[in-house]
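The values are calculated or read from the model by the stated rules, or taken from the named source; none is laboratory data. Note that this is a predicted model, so its numbers are computed, not measured. We place every Cβ from the backbone using ideal geometry, glycine too, and count neighbours over all the protein chains shown.
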Amino acid sequence: MSESAATPGPALEGWRRAAAIAATLVIMALALHALAGEFGGHGYHQIRSALRGLTWPQLALTTLLGLASYGCLIGFDAIGLRHARHRLPASRIGITAFLAHTTGQTLGFAALTGGAVRLRSYGAAGLSLAEIGQVVLMSTLGFGFGAWLLLGLALWLEPGAAMRVLPLTTATVSGLGIAMLLAFAALLVLVGRSGRRIGWRQHPLWIPDRRTVLEITALSVVELCLASAAFYVLLPPPQEPGFIGFVGVYLVATVAGLISTVPAGLGVFEWSLLKLLPQVPPAAILAAAVAYRLTYYLLPLLLSALLAGLASARRPLRSGAGSAWAVVRPWLPNLLALAVFAVGSLLVIDGTLPLPRHRQLSASLPVIETSHLLGSLGGVALLLIGQGLQRRSHSAWLLAFALCTVLPLPVWLRGGHLLVALLLPLAALALWTARREFYRQGALLDEAWSWPWLRNVALVLAATLWLLFFVYSHVEYRNELWWQFATSGNAPRALRALLLVCLAVIVFGLARLLHSTRAPLPLPDPDALEQLRDVLAQAQDTQACLVMIGDKAVLRSEAGDGFVMMQRYGGSLVAMGDPVGPPEVARKLVWRFRETADRLGLRPVFYQTGERYWQTYLDLGLTLVKLGEEAMVPLQDFSLAGSERAELRQAWNKGKRAGLCFRLVPAPGVAGLLPVLADISERWLEEKAGEEKGFSLGSFDPAYLLRFPLAVVEADGRAVAFANLWQAPAGRELSVDLMRHHPDAPKGTMDFLFIELFLWGAANGYRRFSLGMAPLTGLAEHRLAGRWNRFANLVARHGERFYGFGGLRRFKAKFAPEWRPRYLAAPGGMHLPAALLDVTRLISLDPQRQK
């Protein structure tokens, strides 16, 4: 009897996120363009020569220094947990912190991405949100204080590095460094022994006590020195500036990468180093940057995936392994998705690089060309299915495992780098050991891409395109390049591979747009619906009768004494109302519904729920928002006598004088009235210029109408209005669903119909009559009310011309009802507007499309 209003929120949010992605792409493109400008026509060969100049001791040392830096990062979590007065096993702290910093370093926005890892792990260990926030704060403050102190020391002790880019004298730069050191000392005095809130206007920042500040600063100084040294040892001698000066340069480049919002500061970090180290050959800096990213970013990511694979053993035998598995398991799909994405990126990038000379001489041209295209196509496939791995899709796992198993051969045949060929079987091994975690059903095309994943795919494609033009900048472009096939034709081969990659992305995107992601779940047959009669007889709420429409799937309890009616739309699995059945059965069904949504990879949504099971919904982690209020007319001792019923009495008398007559037709007698009822329904739809609705409302379906008694109003011996009657005997509740009247029916016919139903219900012992929900009414209007209430009230005020929210409530209010709130229970955050949009579209869908 009611519908929820659509919200424009997701569209606006989509534009904002698209703009953020575009800004990130522009920043990275500008940085890469500036990098290319530092080289002549053979920049790639210069960088490759510099890479070959790196020795194995250098690579081993930078690896050890990088891992030692990650070891220090773990210490921030230990300090934060001690400050929050929580003692956890060292294995849980170490694994959680390592995973948090690995994902944070790779994806960027470390406080958010790493904070999500900590929230899942430490939250399961009993920490509150505020306590986990303290742990995240320790890492953030530690980096800020350590960077501030080291930068001050660098400006003071080695001002020459800053003087190369700043038009300042030596004394001025040194004075600036001393001022930064004095400011840090003043901060130590200001925070005192108990900490202090420091900030500007409405943006305060809590700073811990002096001892904690000194601890995290000292740890940060060591960590940043180790991270800087990991890069410093890769630079060629003589190394100028000295180590302290380089630390300042490294910090400036790191902060520039953070500000750019580009994941891992790709391009921005390297360009900053080129500008801050003009005395170092650009090829040497970029060669060091490539080795640094492999050892400091990619290696820890692969170690995380390896740790996840080892922890995913069938039955850990030791308590330490069990603790590790408890920490890693929730993040296992995310880690493997990142690892597969990284391997796919390397395959796509490797397809752009020139073929080694020894492979040009040892393999035939058809083998090289075919393997080259297959390797690039497999790489882009891994990029595209990584999102499905993140969401535990079994289809994505199956395809990723097959690709990682098959691709090493074409990668080796095309002469790809040995590292890339070795990473593929390692990824396949990790996927196989974690196969039990990928259980969700659904096709790959059903998976909605998240904005961060879209951004990452776009960044890989943009970087590959830049690399193509950078590597082959000495090759003049001609149309004939596309058709040149030769073992030494690296540029034409790279062009064809990139074209294939772009075509694969376009085809996949178009397939997702054209593919229906709203295929309904299997519907019950008539016999299955009849088996629900016994459960409906025990229902407390007439809303349970909606199951008889037959357009919703049914999730039954194990004993068959309860059910949930539900349907899929978009990314949501929507349950209509609360579960039907005894309270203890209904609560179990709530959890079974949640498990079903998880298995299908959908968000769980309960539409038009009451107040009975709100605590269970909160236990599921769902958010409750008020949709409106349901009008309930008390029927006990209902009569038309008395002054308070004067308007209803006048409406009833008016109907009698117009010759209206009411009768209740039992379900077996409805079949003979169907032709007349069909004519009334068609005329009513034409007059309203409307269409049949579904899910939360019944439609004119003979099979549906034959299942209920029918209330009919006649005038001059012919039917002019009707409504099918819902009954909940256990709850002593009545309601109607499908209401239609002939355009020529006397004015006030529907009022007469309701009054007669009230009288009939009161005479037969019913306690209340549901008039259905008045959407977006009864919401809090206080200026401090939540955002949903403010937005819903705005829609109700300005959307009156389209729906008539206030008019519907006024119509129901004249029957003097009691108002009962109805809610939407759905995941919070950005899932909430998406759930609202899915529900709105679902209830507006033609019911014939759902069957």
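Observations
- In the stretch 381-413, the residues that are under 17 Å from P425 (Cα atoms) and of a type in the set (V, I, T): T405, V406, V411
- When residues of the stretch 569-584 are limited to those that are buried (at least 23 other Cβ atoms within 10 Å of the Cβ) and under 19 Å from L536 (Cβ atoms), the one nearest to the chain's Cα centre (by Cα): A575
- The stretch 526-559, residues that are among the basic types (K, R), assigned to a helix (DSSP H, G or I) and under 35 Å from the mean Cα position of the chain (by Cα): none
- Residue count for the stretch 600-621 under the criterion of being within 16 Å of the chain's Cα centre (by Cα) and of a type outside the set (A, V, I, L, M, F, W, C): the result is 4.
- Residue match in the stretch 294-311 (condition: at pLDDT 85 or above, over 19 Å from A430 (Cβ atoms) and part of a helix (DSSP H, G or I)): yes
- The set of residues in the stretch 675-734 being free of Cβ contacts under 8 Å to residues at least 24 places away in the same chain and either surrounded by 19 or more Cβ atoms within 10 Å (Cβ to Cβ) or closer than 22 Å to K656 by Cα (or both) consists of G717 alone.
- Residue check, G621 free of Cβ contacts under 8 Å to residues at least 60 places away in the same chain, part of a loop (DSSP other than H, G, I, E, B) and surrounded by fewer than 18 Cβ atoms within 10 Å (Cβ to Cβ): no
- In the set I178, I198, I132, only one residue is touching a helix residue (DSSP H, G or I) at 6+ places or on another chain (Cβ under 8 Å) and modelled with pLDDT of 90 or more; that residue is I178.
- Hey, L640 surrounded by fewer than 20 Cβ atoms within 10 Å (Cβ to Cβ), in contact with a Lys or Arg (Cβ under 9 Å, 6 or more places away or on another chain) and over 30 Å from E714 (Cβ atoms) or not: no
- Check on T517, assigned to a loop (DSSP other than H, G, I, E, B), within 30 Å of V574 (Cα to Cα), at pLDDT below 75 and among the β-branched types (V, I, T): yes
- One residue alone among E692, E687 is assigned to a helix (DSSP H, G or I), touching a Pro at 6+ places or on another chain (Cβ under 8 Å), charged (D, E, K, R) and under 29 Å from Y607 (Cβ atoms), and that residue is E687.
- Qualifying residue in the stretch 105-117 (condition: under 19 Å from G142 (Cα atoms), of a type in the set (G, A, S), modelled with pLDDT of 80 or more and buried (at least 24 other Cβ atoms within 10 Å of the Cβ)): no
Per-residue answers, yes or no, for (1) within 29 Å of Y569 (Cα to Cα); (2) out of contact with any Leu (no Cβ under 6 Å at 6 or more places or on another chain):
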{"site": "E686", "(1), (2)": "yes, yes"}
{"site": "K693", "(1), (2)": "yes, yes"}
{"site": "G698", "(1), (2)": "yes, no"}
{"site": "L705", "(1), (2)": "yes, yes"}
{"site": "V712", "(1), (2)": "no, yes"}
{"site": "L738", "(1), (2)": "yes, yes"}
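- Considering residues of the stretch 73-90 that are in contact with a Ser or Thr (Cβ under 8 Å, 6 or more places away or on another chain) and under 18 Å from V221 (Cβ atoms) only, the residue surrounded by the fewest Cβ atoms within 10 Å (Cβ to Cβ): I79
- Any hit, the stretch 585-604, residues being within 22 Å of W819 (Cβ to Cβ), at pLDDT 90 or above and crowded, with 17+ Cβ neighbours inside 10 Å: no
- Test: residue in the stretch 597-613 that is in contact with a helix residue (DSSP H, G or I) (Cβ under 9 Å, 6 or more places away or on another chain) and farther than 21 Å from V839 by Cβ: no
- Of the residues making up the stretch 487-499, just one is modelled with pLDDT of 80 or more and surrounded by fewer than 18 Cβ atoms within 10 Å (Cβ to Cβ), namely L499.
One line per residue, one yes/no per condition, for (1) farther than 30 Å from V26 by Cβ; (2) in contact (Cβ under 8 Å) with a residue 40 or more places away in the chain; (3) in a helix (DSSP H, G or I); (4) polar (S, T, N, Q):
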position	(1), (2), (3), (4)
E223	yes, yes, yes, no
L226	yes, yes, yes, no
L234	no, yes, no, no
P238	yes, no, no, no
G245	yes, yes, yes, no
L251	no, yes, yes, no
G257	no, no, yes, no
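- Selection within the stretch 743-765: residues that are touching a Gly at 6+ places or on another chain (Cβ under 9 Å) and assigned to a loop (DSSP other than H, G, I, E, B). The member of this set that is nearest to L635 (Cα to Cα) is G748.
- Yes/no for E437 being acidic (D, E) and modelled with pLDDT of 80 or more: yes
- The set of residues from the stretch 93-104 being at pLDDT below 80 and farther than 17 Å from L335 by Cα is empty.
- Within the stretch 176-195, the residues that satisfy the criterion of being surrounded by 15 or more Cβ atoms within 10 Å (Cβ to Cβ) and more than 43 Å from the chain's Cα centre (by Cα) are L176, G177.
- Every pair of residues 6+ apart whose Cβ atoms lie under 6 Å, when the first sits in the stretch 628-647 and is acidic (D, E) while the second is assigned to a loop (DSSP other than H, G, I, E, B): E629/T777; E629/G778
- Flag for P278 being in a loop (DSSP other than H, G, I, E, B), modelled with pLDDT under 90, in contact with an Asp or Glu (Cβ under 9 Å, 6 or more places away or on another chain) and of a type outside the set (D, E, K, R): no
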